[in-house]
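Peer 1: Got a structure for you, written out below as structure tokens; questions coming shortly.
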Amino acid sequence: MWQAKKFMPEGVRQALLAANECLRAEGHYDLRFLHARSIDDLTLCDVELLDHDPGALSSELYLAGKMTFELDREKGTLTLRCKEGFRRSREGRAKFPAEGECLVLREIDGRLWERRLPALIRARGEYPAVLASAPRAAPMAPTLRAAWRDRLNALLAAAGTKTRYRISAFRTLQDTRFREALLLGYDAGKILSMSVEAERLWVEVDAAAASVSLVMAGGLLRQTGGDAKLP
């Protein structure tokens, strides 16, 4: 379980500074490491990670006893897996599940992370020989992204579903689609019960049926019964 510690060794401090620089380079200005106690066997211990967009009305603080940095070179993703702790927001505490709560960063520069954080990165696979020719969409400004995220979460809160859904993050909005989105679902006990890492996410309105739908395509659905790929 996460325990608050005031002392932070210089090596750990330098690692957090490097991690924050990598996050900014990838356009993730809303994420920032605040504190950690130690690094042990490629694991960051007693971690504080803040998720806050400038201009947003709320923030989330991840307090993890253990956090791992899992790099998939082939897919270009970095998974921050938080274990033995909880996520704190204005709604209260949400305990991490046994397998950990994951923050997935997509289309990242894996070589940058491996170069800056050799003591933390757990890498697998090989880098693709040929890079995709299509340009990657630029990240949205933090304040604008926060405003869109608040709108989406207000829509999800009004749905009144048994599972409480929340958009945790997305990279940008392009061609009416939110790109690289992370949707989280919590049960009545505020425990994470599912997550969706979607390449594209959008809202569809059916005026005739008086309904609004959240549609996701590409990516992965994670839940207790097993993982499933999104078409």
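Peer 1: Just one of (1) crowded, with 20+ Cβ neighbours inside 10 Å; (2) in a loop (DSSP other than H, G, I, E, B) trips up C82, so point out which.
Peer 2: The number of the failed condition is (2).
Peer 1: Now for a separate question. Filter the stretch 98-117 down to the residues that are among the hydrophobic types (A, V, I, L, M, F, W, C) and crowded, with 16+ Cβ neighbours inside 10 Å and list them by number.
Peer 2: Going through the stretch 98-117, the residues among the hydrophobic types (A, V, I, L, M, F, W, C) turn out to be 98, 102-105, 108, 112-113, 117.
Result: C102, L103, V104, L105, I108, W113, L117.
Peer 1: Tally up the residues in the stretch 135-185 that are touching a residue at least 24 places away in the same chain (Cβ under 8 Å) and on the phi > 0 side of the Ramachandran plot, please.
Peer 2: 2
Peer 1: Now a separate question. Quick check on P139: is it in contact with a His (Cβ under 9 Å, 6 or more places away or on another chain) and more than 22 Å from V205 (Cα to Cα)?
Peer 2: Answer is yes for this residue.
Peer 1: I'm checking my understanding of the structure. Among residues of the stretch 22-49 that are part of a strand (DSSP E or B) and within 16 Å of F96 (Cβ to Cβ), which one is nearest to the chain's Cα centre (by Cα)? Spell out the reasoning first.
Peer 2: From the stretch 22-49, those part of a strand (DSSP E or B) are 31-35, 38-39, 44-49; that's our starting set.
With within 16 Å of F96 (Cβ to Cβ) added as a condition, the list becomes 44-49.
Working: L44: 17, C45: 18, D46: 18, V47: 15, E48: 14, L49: 11 Å.
Of everything passing the filter in the stretch 22-49, L49 is nearest to the chain's Cα centre (by Cα).
Peer 1: Turning to a different aspect of this structure: Looking at L120, L173, can you tell me which residue is within 30 Å of A36 (Cβ to Cβ), touching a Phe, Trp or Tyr at 6+ places or on another chain (Cβ under 9 Å) and crowded, with 16+ Cβ neighbours inside 10 Å?
Peer 2: On the way: L173 fails: within 30 Å of A36 (Cβ to Cβ).
Just one listed residue meets the conditions, L120.
Peer 1: Take the residues in the stretch 186-198 that are on the phi < 0 side of the Ramachandran plot and over 13 Å from the mean Cα position of the chain (by Cα), then tell me which one is surrounded by the most Cβ atoms within 10 Å (Cβ to Cβ). Explain how you work it out, then say what you get.
Peer 2: Of all residues in the stretch 186-198, those on the phi < 0 side of the Ramachandran plot come to 186-189, 191-198.
Still in the list and also over 13 Å from the mean Cα position of the chain (by Cα): 186-189, 191-194.
Working: Y186: 17, D187: 13, A188: 9, G189: 8, I191: 13, L192: 19, S193: 17, M194: 17.
Ranking the candidates gives L192 first.
So that you can scan it fast, the table gives a plain yes or no per residue for (1) in a loop (DSSP other than H, G, I, E, B); (2) of a type in the set (F, W, Y); (3) over 13 Å from L44 (Cα atoms):
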position: G65; (1), (2), (3): no, no, no
position: L71; (1), (2), (3): no, no, yes
position: A98; (1), (2), (3): yes, no, yes
position: L112; (1), (2), (3): no, no, yes
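Peer 1: Taking interchain pairs and intrachain pairs at least six residues apart, which have beta carbon atoms under 7 angstrom, with the first residue in the stretch 202-231 and without any contact (Cβ under 8 Å) to a residue 24 or more places away in the chain and in the same structural domain as D187 (by TED's automatic domain parsing) and the second in a loop (DSSP other than H, G, I, E, B) and loosely packed, with under 10 Cβ neighbours inside 10 Å?
Peer 2: That search, which allows pairs on different chains as well, returns A217/P231.
The values are calculated or read from the model by the stated rules, or taken from the named source; none is laboratory data. Predicted model only: the values in this text are computed from it and were never measured. No Cβ is skipped: glycine too gets one built from the backbone with ideal geometry, and neighbour counts run over all protein chains shown.
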